[in-house]
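The structure appears right after this line, and notes come after that.
The values are calculated or read from the model by the stated rules, or taken from the named source; none is laboratory data. Everything quoted here is computed from the prediction, not taken from an experiment. Positions of Cβ are backbone-derived with ideal geometry, glycine not excepted, and every protein chain shown enters the neighbour counts.
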Amino acid sequence: MTVEEANRLLAEADVVLSEQEVTAVIGRMANDISARLGMLQPIVMCVMNGGLVFAGQLLTKLRFPLEVDYVHATRYGYETTGFELTWLVRPRTELRDRAVLLLDDIIDEGVTLATIADYCYQEGAKEVVTAVLIDKRHERKLFPELRADFAGIETGDRFLFGYGLDYKGYWRNAPGIYAVKGL
């Protein structure tokens with residue numbers, strides 16, 4: 001993708017949430033998460049790369065002691081579809097008997113978050129709580145019953161980018177949530 005193509009993509013995209021709206025959603029989520037996990041000293045685990053922007057914004061609003069770690073697992077790479085989960089980095093913090101808060105950008109088909117949550121339980125986590133900025137609602141979910149414990153917004157089945165979500169590796173840094181025109 002050239003710079004011109006990337007700029008055209010953003011210029012033609014539909015705004016789903018403005019930067020101010022995303023900030024408000026994250027603030028609300030922080031309050032709800034703090035009420036639920038404030039006394040548990042959880043390990044807050046960012047799912048890279050998509051969860052990076054969301055986690056960075058959310059962490060400064062959580063008002064309780066916590067530890068931070070990350071995992072890097074992907075199904076998409078720089079493509080717009082993906083199949084098998086590839087682990088690039090597994091957690092380094094001991095999970096046994098701990099509460100874990102997984103932070104990711106989106107639940108789309110549910111494979112990535114479900115697989116990472118299962119891994120945390122296999123490593124002895126006492127509780128795994130999930131938080132995503134976006135819960136995409138559609139009929140293609142591999143785990144239709146899978147819902148995040150905390151979701152910022154629900155959207156329809158469009159290809160989204162911004163605030164950590166990318167389009168072919170670009171625009172994770174877009175200041176809001178956008179939908180690709182025609183996708």
Original post:
Would you say Ile116 is among the aliphatic types (A, V, I, L, M), in a strand (DSSP E or B) and at negative phi?
Top reply: no
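Just checking, does the range 33-42 include any residue being without any contact (Cβ under 8 Å) to a residue 24 or more places away in the chain, under 14 Å from Ala148 (Cβ atoms) and more than 12 Å from the chain's Cα centre (by Cα)? Explain how you work it out, then say what you get.
Filtering the range 33-42 down to residues without any contact (Cβ under 8 Å) to a residue 24 or more places away in the chain leaves 35.
Next cut, under 14 Å from Ala148 (Cβ atoms) only: none.
So far as the range 33-42 goes, no, none of its residues is without any contact (Cβ under 8 Å) to a residue 24 or more places away in the chain, under 14 Å from Ala148 (Cβ atoms) and more than 12 Å from the chain's Cα centre (by Cα).
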**OP:** List the number of the failed condition for Lys136; all other conditions in (1) of a type outside the set (A, V, I, L, M); (2) modelled with pLDDT under 95; (3) in contact with a strand residue (DSSP E or B) (Cβ under 8 Å, 6 or more places away or on another chain); (4) over 15 Å from Glu109 (Cα atoms) hold.
**Re:** (4)
Original post:
Any idea how many residues of the range 31-50 are within 13 Å of Leu133 (Cα to Cα) and surrounded by fewer than 20 Cβ atoms within 10 Å (Cβ to Cβ)?
Top reply: 0
Original post:
Using beta carbons and a limit of 7 Å, which pairs, at least six apart or on different chains, have the first residue in the range 81-110 and modelled with pLDDT under 95 and the second one outside any loop (DSSP other than H, G, I, E, B) and basic (Lys, Arg)?
Top reply: Ile106/Lys136; Ile107/Lys136; Asp108/Lys136
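Name the residue, out of Arg96, Arg28, Arg63, that is in contact with an Asp or Glu (Cβ under 8 Å, 6 or more places away or on another chain), among the basic types (Lys, Arg) and surrounded by fewer than 17 Cβ atoms within 10 Å (Cβ to Cβ). Write out each step before concluding.
Details: Arg28 fails: in contact with an Asp or Glu (Cβ under 8 Å, 6 or more places away or on another chain); Arg63 fails: in contact with an Asp or Glu (Cβ under 8 Å, 6 or more places away or on another chain).
The match here is Arg96.
Pick from Val53, Val22, Val71: which is assigned to a strand (DSSP E or B) and either buried (at least 17 other Cβ atoms within 10 Å of the Cβ) or touching a residue at least 12 places away in the same chain (Cβ under 8 Å) (or both)? Talk me through it step by step, then tell me what you get.
On the way: Val53 fails: assigned to a strand (DSSP E or B); Val22 fails: assigned to a strand (DSSP E or B).
Sole residue among the options that is assigned to a strand (DSSP E or B) and either buried (at least 17 other Cβ atoms within 10 Å of the Cβ) or touching a residue at least 12 places away in the same chain (Cβ under 8 Å) (or both): Val71.
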**OP:** Mind listing whichever residues of the range 157-183 are among the small types (Gly, Ala, Ser), modelled with pLDDT under 95 and under 12 Å from Ile106 (Cα atoms)?
**Re:** Gly164
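How about the range 149-170: which of its residues are over 15 Å from the mean Cα position of the chain (by Cα) and either under 17 Å from Ala24 (Cα atoms) or not hydroxyl-bearing (Ser, Thr, Tyr) (or both)?
Gly156, Asp157, Arg158, Lys168, Gly169, listed by residue number.
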Original post:
Out of (1) of a type in the set (Val, Ile, Thr); (2) assigned to a helix (DSSP H, G or I); (3) over 21 Å from Tyr167 (Cα atoms), the odd one out for Val44 is which?
Top reply: (2)
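Out of all the residues in the range 151-176, which are acidic (Asp, Glu) and outside any loop (DSSP other than H, G, I, E, B)?
Going through the range 151-176, the residues acidic (Asp, Glu) turn out to be 154, 157, 166.
Listed by number, the list holds a single entry, Glu154.
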